[in-house]
Structures are given as C-alpha cells and as structure tokens.
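Everything on this sheet refers to the single structure shown next.
The values are calculated or read from the model by the stated rules, or taken from the named source; none is laboratory data. What you are looking at is a predicted structure, and each value in this text was computed from that prediction instead of being measured. Cβ coordinates were reconstructed from backbone atoms using ideal geometry, including for glycine residues, and neighbour counts include every protein chain displayed. Surface areas here come from the heavy atoms of the whole protein model, side chains and all, with no ligands, DNA or RNA. Shrake-Rupley method; radii C 1.70, N 1.55, O 1.52, S 1.80 Å.
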Amino acid sequence: RAVAIKRSGLDAGETPRAEREALAAARLSHPAIVGLYEAGHDDEAWWLVSELVHGRTLGQLEREGALSDLDVVRIGVDLCTALEHAHARGVVHRDVKPGNVMVADDGATKLTDFGIAHLADSGALTRTGDVVGTIAYMAPEQAEGRSRDAGPAADVYALGVILYEMLTGRMPYPVTG
C-alpha cells in the first residue's frame, strides 16, 4: 500500500517529538485521524509510517476559496468527533490548526501531526513557560506559557478559532508581532 513516511532526527538528551507522536497516534484509531501503521528508530532518526492522504490542507482550501459553509460545518463535525476520540484516550493535540487538517480528495477529514501532543499519563514534553503550538490558534493558557494547563479545552478553543476563520474569512482576534 502507498504510505507517507515522516523522518525526524534525534536530538541529544531530548525525547524526540516523533516518539511522542508515535505514542499518541498508537492510542488512536478514528476515521478523522491519520492512521499510524508503524514507528521505529535507528541511531539517527525516528521513522513514522502512516496513512497517505491525497488531498489538501484546510488552510490551502481556505486560501483557494474552495469551501462552502456546509463543507466547513461537515469538517467541523468530523474534527469534533476526532478530538472527542483523542481526549477520551488521554491525548491532547495542542496544535490544532488548518495546516494540521487534511481534506482528502474524496472529502474525508483527517487530523494530522500529533508531534506536540500531551499524553495524560506521561511526563511533560515541555517545561513551564514553554510556548508550544501556533499562536493564532492557541488557547490563552498556552499563549501565556502554561502549556501544562492546556487540556482538551485548548483543542476545542483552537477548533472554534478555525471554524470562525473558515466561516467569516478572518481571525476572531488579530495576531500581531
């Protein structure tokens, strides 16, 4: 079968994000989440082998004006069920944004990139004061550097920002800097 392969170099002394992504993805099996088939590493890198999605990101589709309001609502419902599934299994994505949502050519929605996910029963990937995610879609607690406080509500907040942006063509809060 055709697959996507993601290679992530090993950083000395740090838990690689690819390892975290593999651990998160291994807990998940949902039609609106990109499926992980295999993960492993050698002395130089982690390798993630996942479902290959032929399509475009939600961000690309928005820039092209290719989404109707009905499309946005359908994608929003799919993402709600994907996040509900992840949260029920102790996985908080922490970087829900249009670039991490694929819309397949057949219309299927796929949430991708769990590289900075938080796993409820594991150690912290970040330290207090670290800011992880994409600022325009961050919940206030993430933007303030309280990433450990960024639970499922932070993903729901990001989804709300995405839906607002997709339906109105603008961000609810302008990002400056």
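Things worth noting here:
- Counting heavy atoms of the protein chains alone, residue 38 has an accessible area of about 110 Å² for a 1.4 Å probe.
- Using only alpha-carbon positions in the stretch 16-81, the gyration tensor eigenvalues give semi-axes of 29, 14, 9 Å once each is multiplied by 5 and square-rooted (largest first).
- Simple label model, 7 Å out from Cα along Cβ direction - residue 173 to residue 43, nm: 4.8
- Computed on protein heavy atoms with a 1.4 Å probe, the accessible areas place 110, 97 in the order 97, 110, largest first.
- Linear extension gain, residue 29 paired with residue 73, 0.36 nm per residue minus alpha-carbon span: 13.6 nm
- Candidates per trypsin sites (Lys or Arg not before Pro) in the stretch 1-93, loop by DSSP, up to 10 other Cβ within 10 Å: 1
- Dividing the summed helix terms, -39500 (n - 2.57) for each DSSP H run of n ≥ 4, by the number of residues in the chain produces a 222 nm estimate of -10000 deg cm²/dmol to the nearest 500.
- Charge dipole (debye, nearest 20) of the chain; +1 at Cβ of Lys and Arg, -1 at Cβ of Asp and Glu: 180
- Note that the chain shows a convex hull volume over its alpha carbon atoms of 125 Å³ per residue.
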